[in-house]
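This report refers to the structure that appears directly beneath it.
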Amino acid sequence: MSETGNRLRKLLESPNFDPQSYVKQLSQQSDGDRDLQEHRQKIQNLADETAQNLKKNVYKNYRQFIETAKEISYLESEMYQLSHILTEQKSIMESITQSLLSTDKDETSKEMQAAFPKETEELKQRTLTSLLEKVEGAKNIMDTPGRHLVYNGDLVEFDVDNMSPIQKVHAFLMNDCLLIATWLPNRRGTVKYKYNALYDLESFAVVNVKDNPPMKDMFKILMFPDSRIFQAENSKVKKEWLEILDETKKNKASKEKHKKEEEVPTSPVRAEASTNPFDMEDEETVESEDGVDLSLEWIQELPEDLDVCIAQRDFEGAVDLLDKLNEYLKDQPATPKVKELRAKVDERVRQLTEVLVFELSPDRSLRGGPKATRRAVSQLIRLGQSTKACELFLKNRAAAVQTAIRQLRIEGATLLYIHKLCNIFFTSLLETAKEFEMDFAGNTGCYSAFVVWSRSAMTMFVDTFSKQVFDSKESLSTAAECVKVAKEHCQQLTEIGLDLTFTLQSLLVKDVKAALQSYKDIIIEATKHRNSEEMWRRMNLMTPEALAKLKEEMRSCGINFQLYTGDDCWVNLSYTVVAFTKQMMSFLEEGLKLYFPELHMVLLESLREIILVAVQHVDYSLRCEQDSEKKSFILQNASFLHDTVLPVVERRFEEAVGKPAKQLQDLRKSTRPVRINPDSTTSL
């Protein structure tokens, strides 16, 4: 490296290097553009040299990189093993500690029971009072006489809908109620908790929640119409809570029963009152209530089983349970117990519906095609929500089709892109239609929604199609091929009885009409330009190959060109007429590929205007030309247009469309050439 390069390198490597000040200083010192270019070249050379050195160092230390990567991999595996060992040791230590604590607790309890056989009511109340002093807003709880503490402990509350932790709470179980207090983030003196809720023991039911890792050690408290889920510290604490809650509720119910029996004296009036017809109605009501047996084990565990099915995404199992319950309660009277059970089940139905709706939302993964939605759709239909299932299914498929089209890479060749676009769109539409017919076979009312959705999907497709084909100003031949491909794919939908051809044509008619008129104007301008340079000379193709190629082109258009070829490579027509014929026949073929019934008059008028330009030019040349030989040659070109080209155009149009081209027939009749003496005026 030169001395200048070394200095530049040291300058750039210096820690105090400031690019902005350096560039400013350089621009002030340079004399002109040339100095800046030279300096730029020096920096570029330095960058290339640095990159080369870096590449050499990478190659030189390649083996060290590999060995280092291996060492890192080994170290990672060892760290993982170490972490696993530490986790196992931690769990073992926790289990040992827990067992020791439980043993100590049991021994202490036994000792306390031996020392104090029966705890006095006053001591229990004093303990509750001391604990409630730590709860903000719980001063009035001790106003109820005879209330004392049974059990208390820390719990974690979880959200019922998404099973996410909400807050840490402390629960106080008393002989007649349950107090829930939340932890205060900022403690004030002895106050640790804040009053949250107080539930009477008769106002709620306790339900065990089956362990479903990582959700474990949980139980649910049901207070119609609400519910709360709490998680205990471990399985042992959870078991204690469930047992003590159940025992406390039973004790309270037993005490109240005894109290009522003591308050109500036995009397013969009770027996006499049984003759009252109103009492007989009450007895019948009780008997009817008792007729619905809700004590079956599967009914008692139904709400909990539904929660498990929803959590495990066993949607079929959940709906099967609901169907089983509906069948069991069919034609049964709506007793209060049945209504209470229905309320609990309806809450699970709402949760299940929300999960199924989320499964069909466009935010979920759209892979797997329409079959991936079948599971959620079928369960929503079984739940009696076919309209919602139809709406969500169609939204899901619309998002899937739109995503697939958006991910399609735009190729350089327009026709190749259109092939891929049509294949993706119409295949998706066909699969969606088949899946819709399978899923909603018994819901004919949803088919109208599918038809509306198909039209909106076709509108989205045509927007993408038109932007690529018509907005990019592609040639008419390319546009015609693209429209032909779209038509062919659209015809495939008729296999399942879905005909969207009219919809496709009505959406494309505006762009196709504009393309035809634009290309018509181009042909007319090109024809006028050639007409302005017309010399009315025979066409010489120079080589037999060129003549053979022209004959083949005319034959493919349906024109008998043999009569107009002369000796060697001469053609008994002018270059202008031959070029016009080729261009007009090409326009006709491309226009027929783009043909819609709505474009019938547009295509006919375009052909008429193009032909009229050539006919008017021939007529003008015949009237203005004085040379009899040239007049004869012009008349020969006019005869070629009138007797050969125009009939072919009319016949080809009628074959493709199925209707006669009346405007072209009238034009040919009005321009019939009149043959007279060469010295006289000859006209069309």
Hits in region 557-581 - residues which are open to solvent by 90 Å² or more (accessible area, probe 1.4 Å) and in a helix (DSSP H, G or I): Gln562, Leu563, Tyr575
Residue list for region 544-555, filter: exposed (fewer than 12 other Cβ atoms within 10 Å of the Cβ) and touching a helix residue (DSSP H, G or I) at 6+ places or on another chain (Cβ under 9 Å): none
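Using the structure shown, decide if Ala486 is under 18 Å from Ile418 (Cα atoms) and part of a helix (DSSP H, G or I). Working first, answer last.
Numbers: under 18 Å from Ile418 (Cα atoms): yes; part of a helix (DSSP H, G or I): yes.
Yes.
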Wholly within region 149-229, strands (runs of 3 or more DSSP E) carrying at least 3 residues that are closer than 24 Å to Arg348 by Cα: 149-158, 165-174, 205-209, 218-223
Out of Leu504, Leu541, sole residue that is in the same structural domain as Gln583 (by the TED database) and either under 25 Å from Ser606 (Cβ atoms) or crowded, with 16+ Cβ neighbours inside 10 Å (or both): Leu541
Residues of region 369-391 that turn out to be surrounded by fewer than 20 Cβ atoms within 10 Å (Cβ to Cβ) and not charged (D, E, K, R), as a count: 8
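If we scan region 395-408, do we find a residue that is under 30 Å from Thr478 (Cβ atoms), in contact (Cβ under 8 Å) with a residue 40 or more places away in the chain and of a type in the set (S, T, N, Q)? Lay out the reasoning, then the answer.
Keep residues of region 395-408 that are under 30 Å from Thr478 (Cβ atoms), which gives 398, 400-408.
Imposing the further condition that a residue be in contact (Cβ under 8 Å) with a residue 40 or more places away in the chain reduces the set to 398, 401-402, 405.
Then keep just the ones that are of a type in the set (S, T, N, Q); that gives 402.
Yes; the residues of region 395-408 include at least one that is under 30 Å from Thr478 (Cβ atoms), in contact (Cβ under 8 Å) with a residue 40 or more places away in the chain and of a type in the set (S, T, N, Q).
Confirm whether Ser586 is in contact (Cβ under 8 Å) with a residue 24 or more places away in the chain and either open to solvent by 40 Å² or more (accessible area, probe 1.4 Å) or part of a loop (DSSP other than H, G, I, E, B) (or both). First the steps, then the outcome.
Values: in contact (Cβ under 8 Å) with a residue 24 or more places away in the chain: yes; either open to solvent by 40 Å² or more (accessible area, probe 1.4 Å) or part of a loop (DSSP other than H, G, I, E, B) (or both): yes.
Yes: the conditions hold for Ser586.
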Given (1) farther than 21 Å from Leu594 by Cβ; (2) crowded, with 19+ Cβ neighbours inside 10 Å, number of the condition Leu430 does not satisfy: (2)
Residue within region 249-268 that is at pLDDT 80 or above, surrounded by 13 or more Cβ atoms within 10 Å (Cβ to Cβ) and either touching a helix residue (DSSP H, G or I) at 6+ places or on another chain (Cβ under 8 Å) or of a type in the set (A, V, I, L, M) (or both) present: yes
Odd one out for Lys238 among (1) open to solvent by 60 Å² or more (accessible area, probe 1.4 Å); (2) without any contact (Cβ under 8 Å) to a residue 24 or more places away in the chain; (3) within 29 Å of Lys255 (Cα to Cα); (4) not hydrophobic (A, V, I, L, M, F, W, C): (1)
Residue tally, condition touching a residue at least 40 places away in the same chain (Cβ under 8 Å) and in a helix (DSSP H, G or I), over region 630-661: 21
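The values are calculated or read from the model by the stated rules, or taken from the named source; none is laboratory data. The structure displayed is predicted, hence computed values, not measured ones. Backbone-built Cβ (ideal geometry, glycine too); neighbour counts: all protein chains shown. Accessible surface areas use protein heavy atoms only, side chains included; no ligands, DNA or RNA. Shrake-Rupley method; radii C 1.70, N 1.55, O 1.52, S 1.80 Å.
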